[in-house]
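What follows is one structure encoded as structure tokens, with my remarks underneath.
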Amino acid sequence: RPLTRGEITQFLESIDVSTAIGLRDRALFELIYSSGLRVNEAACLKVGDIDFERRLMVVRGKFDRDRMVPVSEVARDFLVEYLGPKLDSPEAWVFVGSRGPTKGGHLRSTTISERFRILLRERGMDKPEISTHSIRHSTATHLLENGASVRHVQELLGHRNIESTVRYT
């Protein structure tokens, strides 16, 4: 299920950005929410995929279909702070794994999902019907509630078929 505006705001604003992991988590989940990304799309982003000045990024979606997606000012600002000197390394992964098989490579989708679950649990928001995909679902729902057209949301999410987008209504 999608998170309400209040729930997503509570979740994002409660992430402690005074630590490196907290700053990464805030940048990551802010970006997923503001741009309607699939978890794997966020995991596989490279610094060079993002135009920080124009607030646009190339997203490598399902079925090898790339699309241009806007980045909110808030997400951009957290990304800039999180990336720091890596901003000058276009081939660097945006979200880097720090342990195990992903050390130095990009975070895995499962790692992001596990981290989301931990953060939900810490905030007393953990429910079986909420997953990382709920963030993407929330993006679509909130856009539609604010008057965005189904076509606009379809393009943002990278759905080939409008029926996939209509499910979010």
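The values are calculated or read from the model by the stated rules, or taken from the named source; none is laboratory data. As the structure is a computational prediction, the values presented were derived from the model and not from experiment. When we count neighbours, we look across all protein chains shown, and the Cβ atoms used for this are built from the backbone with ideal geometry, even at glycine. The protein model used for the area step is the full one, side chains on, heavy atoms only, and it has no ligands, DNA or RNA in it. Shrake-Rupley method; radii C 1.70, N 1.55, O 1.52, S 1.80 Å.
Which net charge results when you count Lys and Arg as +1 and Asp and Glu as -1 among the other residues whose beta-carbon is under 13 Å from that of GLU155?
With Lys, Arg at +1 and Asp, Glu at -1, the neighbours total +3.
What does the net charge come to around PRO90 if you take all other residues with beta carbon closer than 12 Å to its beta carbon, with K and R at +1 and D and E at -1? Spelling it out: positives minus negatives among the neighbours equals -2. The solvent-accessible area of MET125, taken with every protein chain present and a 1.4 Å probe, is close to 10 Å².
How big is the dipole moment of the stretch 38-153 about its Cα centre under a simple scheme where the beta carbon of each Lys and Arg is +1, that of each Asp and Glu is -1, and everything else is neutral? Debye, nearest 20, please. Before the final figure, lay out the partial values.
On the way: 20 positive and 16 negative charges, 85 e Å.
Using only the charged Cβ atoms, the result is roughly 400 debye.
Dividing the summed helix terms, -39500 (n - 2.57) for each DSSP H run of n ≥ 4, by the number of residues in the chain produces a 222 nm estimate of -14500 deg cm²/dmol to the nearest 500.
Report the charge-dipole magnitude of the stretch 101-169 in Debye, nearest 20, computed about the Cα centre from +1 at each Lys and Arg Cβ and -1 at each Asp and Glu Cβ.
Numbers: 11 positive and 7 negative charges, 56 e Å.
Dipole about the Cα centre, nearest 20: 260 debye.
The mean sequence separation of alpha-carbon pairs under 8 Å and at least six residues apart, normalised by the residue count of the chain, gives a relative contact order of 28 percent. Summing charges over neighbours of THR139, with a neighbour being any other residue whose Cβ is under 12 Å away from its Cβ, gives +1 when K and R count +1 and D and E count -1.
Probing with 1.4 Å while keeping every protein chain in the model, the per residue accessible area of the stretch 43-169 equals 57 Å².
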